[in-house]
Every structure is written in structure tokens, then in C-alpha cells.
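Before any comments, here is the structure.
The values are calculated or read from the model by the stated rules, or taken from the named source; none is laboratory data. Every value quoted in this text rests on a predicted model; they were computed, and no experiment measured them. In this analysis, Cβ positions are derived from the backbone assuming ideal geometry, glycine residues included, and neighbour counts consider all displayed protein chains. Side chains are part of the model used for accessible areas, which takes the heavy atoms of the whole protein and leaves out ligands, DNA and RNA. Shrake-Rupley method; radii C 1.70, N 1.55, O 1.52, S 1.80 Å.
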Amino acid sequence: MDGEGMPPEIPADVRDEYEELLPGSVDVLPDGELVRQLQRARSEQRPLRVKLGVDPTAPDIHLGHTVVLRKLAQFQAFGHTAVLIIGDYTAKVGDPSGRSKSRPRLSDEEINVNAATYVEQAAKVLDMDKAELVRNGDWLGPLRMNEVLNLTATVTVARMLERDDFSRRYLANEPVSMLEFMYPLLQGYDSVAVRADIELGGTDQKFNLLMGRTIMEAYGLTPQSILTVPLLVGTDGEQKMSKSYGNYIGVSESAEEMFGKVMSIPDSLMVTYWRLLTGAGKLEVQTVERRLAEGGYHPAEAKRDLAERLVTLYHSSGAATAARSHFDRVFKERDRPEIIPEASIPSEVIQNGSVWLPRLLTALGLASSNGEAKRLIEQGGVRLDDAVLQDASAELAAAELAGSVLQVGKRRFLRLI
RNA sequence: GGGGGGGUGCCCGAGUGGCCAAAGGGAGCAGACUGUAAAUCUGUCGGCGCAGCCUACGGAGGUUCAAAUCCUCCCCCCCCCA
């Protein structure tokens, strides 16, 4: 994971740069090309154009996206140009990478909304003032049929089927649409359009990134080199972080939420998160790893530190400290949080001055149906002022509920007013 | 264009006329244990104030006392041949 195949001789003038950019990458291809580009940039006194394409397919950026954004920010820090492509057009095609199914195609409105929040959230990691921000609809939209045909002529079906997920689906008798075949071609054309020197992406993008080289060459350009970063495993510890798997931590989530989600990751993921998400140097990560291995650092404590660090990054150190004490209070001491959201009892659930508990829970959004609410109650998951309620048929006097704290599960609290 | 296979709950998948709100697994949710970790165990897992009713097995009709299961038409996916 730390840059295999490091060329034996790194010229002194770019060594620092190279040794900072390489860690945290998986593939840097072709061999030695990055070093040559860094040197060329230096001798020609021009920054490298470093491309990153993101498709606004979901409204939020999560920590998984930040891995590659951080890498891009590193290039920025060395004076190179970050070219951030919002794939408004490709979002409509839907990248099938790593998926067993084709994605649903999005509407223009969804894409625009998503694109706006993406840029806003990417700014938490990237210096957007220095970045070049473009939308690929600007050049993909106006393409004429004959230009598209020229593009498709650059690649063979056999080459397409080299892509792992295409061939897997093909062999499993699952559909692969022609539209999906277009995706790598369009992404490659983006590289032509922005004259990319380097393209970054997750490891699942390797094929697409390499396709960019083929296509740039076909268009008479110097092919980009590529750098891939690891895919971040989500909070479930199993699958890559993704909104659709529900295992993500969004960069715009509240400090408390973020802290809690980090605490819920499996221990085995801690060091990886430390390495990929915090910006901590190699040495620091190694120290954490060693202390954990030696047993002098309790994993729960290490995870708190990790959570605090991440919250600091996306909120502030004050918010992080507060989130930490909130966490300890609620989950370690099993106490109530200091700040509990308030809600009034909806009038429609009150009948003759009393409320049927399941209906109350549903009305307040603490359960999705009366049936689920009953289940929660019967299983001892509902408390009123710290007392477990187990009678799902209970009728409570509405007047007496005011001021009480309703708790569902371990973490959902609501004060009734 | 011809022939064959298939579409089941969030996902995988069993089920070929009643015992089917549909086996089993996974995910989720709640509980126990704990460090909101892992592993494990228990319960639950369409809706309805629920011994009943409603909605559901790609869609629409039909046969039947009774259909996820049988028939007709349609839609979608895959394979083989052309």
C-alpha cells in the first residue's frame, strides 16, 4: 500500500515531493512516470494538471471520498493544479464500477443539487480558490455522433471485457448495457478535454483511469499517468464506504453523529482510518499501531482519539471535545445527553386526554409504524424518564408527559413539551 | 427471427393448488455481554389498537370454494442458434 515499485533513484530535486505524494497510493502507473513528470514540471516551470472526476450521484461527500481529495490536496500543496471535474454528464450514464447492478440514471435537478453540495463539501479538504472546477457536460453534451463514433472506435470489446466487473457480470449472466460501456470512454475523453497529466481515483477506477491513457494517445496527446488510492471500508467493516450501503460517515454530519459513527467502526479498521483520513504522517501512524499492539493504548481510547481528530478536521477542536464528552456521557456512563431535542405531543395522538404509546412513538418519528413501536416496547427498547416501558398497550395521560424524556434504543432521546 | 431458461419480501434464495405474510441465510432493529469494537446468545423483522382483516411473490386478466403455484396476454433479464 505504500508505493511498491519505487524507482531506485529518485532525483534529489523532486525527492521530497515524491516521497510525500507516494504514500497512501496503491498503483502509480506507468512505473517511474510520476517522477519524470515531477521533474518535467520543475524544469518547465509549469504545474502538473492533476485530474479528479467525481460524479454527483449522491448528495453528500463522505469520508471515503476524502481519501482521494486529500491526495489531490497534497498535489495542490506542491503547487500543482487540481482539476476537479464534476461529472454532471457522466452521472447520467452511471458508472458501474464495482457494482453488480447498473445504477439508476439521475435527473438533471438531482444532479445540480448534488453538484452544488459536492463543491461546497470538497472545499473542506481542497483549496477551491486554486482549483480548476469544470463540468464535463460542457464538452460531452455538445459532442456530435461522428465524434462519439470516433471515440468508440478507439477501444475494442475484448478490452472492455478485461474490466473485472464487466466480465464478472457477463459471466454471471447479468446484463451489461452498451450505455455502461460508454462510461470509461467518456471518462477518458474528459482527460483529453482537460489535458490531464495525472489522474487520481480509487482502486476501483483503475480500468477507467488506464482507459484515459488509451484515449489520450488516440487523440494525439501524451497519456496521463495514474495514481490510485485505497477504497475506504465503511463503518460495517465489510464493504466500501458508500451511501447506498448505509455504512458511511458524511463530512457534513454533526460533530456528535460523526464521533459516534467513528466509535462504531471495528477495531481492525482503526489504523487504516488513521492512515487514510487524518493526514497523520507515517511515523505517527506507526506509533499508534505500535502502542496498540503493545497493549499500552486501550483500543477504545485510541478510537476516541481518532474520532476527536476527525471531528476536529471537519468541525473544530471545540466541537470535537464536546462530542467526546457527549459520547462518554451517553454511552460510557449511560447518562442522558446534556442537550436533548424537544418535541411536543402531536394533538392528533391525544384521545380523551391520553395517548397510546406506540402511536406516540410513530408520530414522533421514533418508530416507522405502530407495529414497530410495539415491538420496540415489548423488547425493552423504550424508556420514559429512565424507566423501561414494556406494556405496549399502555395509555399515558398526556398532561403528565410534558417534561418527560423518551428514549428509544441507546441513542435516540426526545424531551416532550 | 427461432429455441431454451428465468423474474419471490431490503439482498441472496427455497417454495409447483389449501398447512404461505411465504423455509433458510445475510443485512437491519431491540435486548444480554462489552469498549456504541469483534465474537457470541436471545428476540424481532409488510400494514392495521392485530386470536381478525388488508396488502404482497414482474404487470393485467382468467380458471378454482381456494393461486406465488394452473391458463391467456404483456413487460423485463439471461443463454444458444441465425
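At a glance:
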| quantity | calculated |
| --- | --- |
| Criterion: in the same structural domain as A:Ala41 (by TED's automatic domain parsing) and within 16 Å of RNA strand B (Cβ to nearest atom) - qualifying residue of A:Arg144, A:Arg135, A:Arg159, A:Arg163 | A:Arg163 |
| Residue match in segment A:223-241 (condition: among the charged types (D, E, K, R), open to solvent by 20 Å² or more (accessible area, probe 1.4 Å) and more than 15 Å from the chain's Cα centre (by Cα)) | no |
| Some residue of segment A:338-348 being open to solvent by less than 50 Å² (accessible area, probe 1.4 Å), closer than 30 Å to A:Ala323 by Cβ, free of Cβ contacts under 8 Å to residues at least 60 places away in the same chain and within 36 Å of the chain's Cα centre (by Cα) | no |
| Segment A:401-417 residues that are within 16 Å of A:Ala367 (Cα to Cα), paired with ones that are open to solvent by 70 Å² or more (accessible area, probe 1.4 Å) and within 14 Å of RNA strand B (Cβ to nearest atom) (beta carbon under 6 Å, 6 or more apart) | A:Gln407/A:Arg383 |
| Residues that are out of contact with any helix residue (DSSP H, G or I) (no Cβ under 8 Å at 6 or more places or on another chain) and either within 16 Å of RNA strand B (Cβ to nearest atom) or modelled with pLDDT of 80 or more (or both), drawn from segment A:88-107 | A:Lys101, A:Arg103, A:Pro104 |
| Pair list, Cβ < 6 Å and 6+ apart or interchain, from segment A:288-310 residues that are on the phi < 0 side of the Ramachandran plot and in the same structural domain as A:Thr272 (by TED's automatic domain parsing) to residues that are charged (D, E, K, R) and open to solvent by 80 Å² or more (accessible area, probe 1.4 Å) | A:Tyr297/A:Arg291; A:Pro299/A:Asp267 |
| Qualifying residue in segment A:369-380 (condition: more than 9 Å from RNA strand B (Cβ to nearest atom) and without any contact (Cβ under 8 Å) to a residue 60 or more places away in the chain) | no |
| Scope segment A:263-287; condition without any contact (Cβ under 8 Å) to a residue 24 or more places away in the chain, assigned to a helix (DSSP H, G or I) and more than 15 Å from RNA strand B (Cβ to nearest atom); matching residues | A:Leu283, A:Glu284, A:Val285, A:Gln286, A:Thr287 |
| When residues of segment A:327-349 are limited to those that are in contact with a Phe, Trp or Tyr (Cβ under 9 Å, 6 or more places away or on another chain) and within 13 Å of RNA strand B (Cβ to nearest atom), the one farthest from A:Gly260 (Cα to Cα) | A:Val349 |
| Enumerated strands (runs of 3 or more DSSP E) restricted to segment A:363-411, each holding at least 2 residues that are among the aliphatic types (A, V, I, L, M) and more than 39 Å from the chain's Cα centre (by Cα) | A:395-397 |
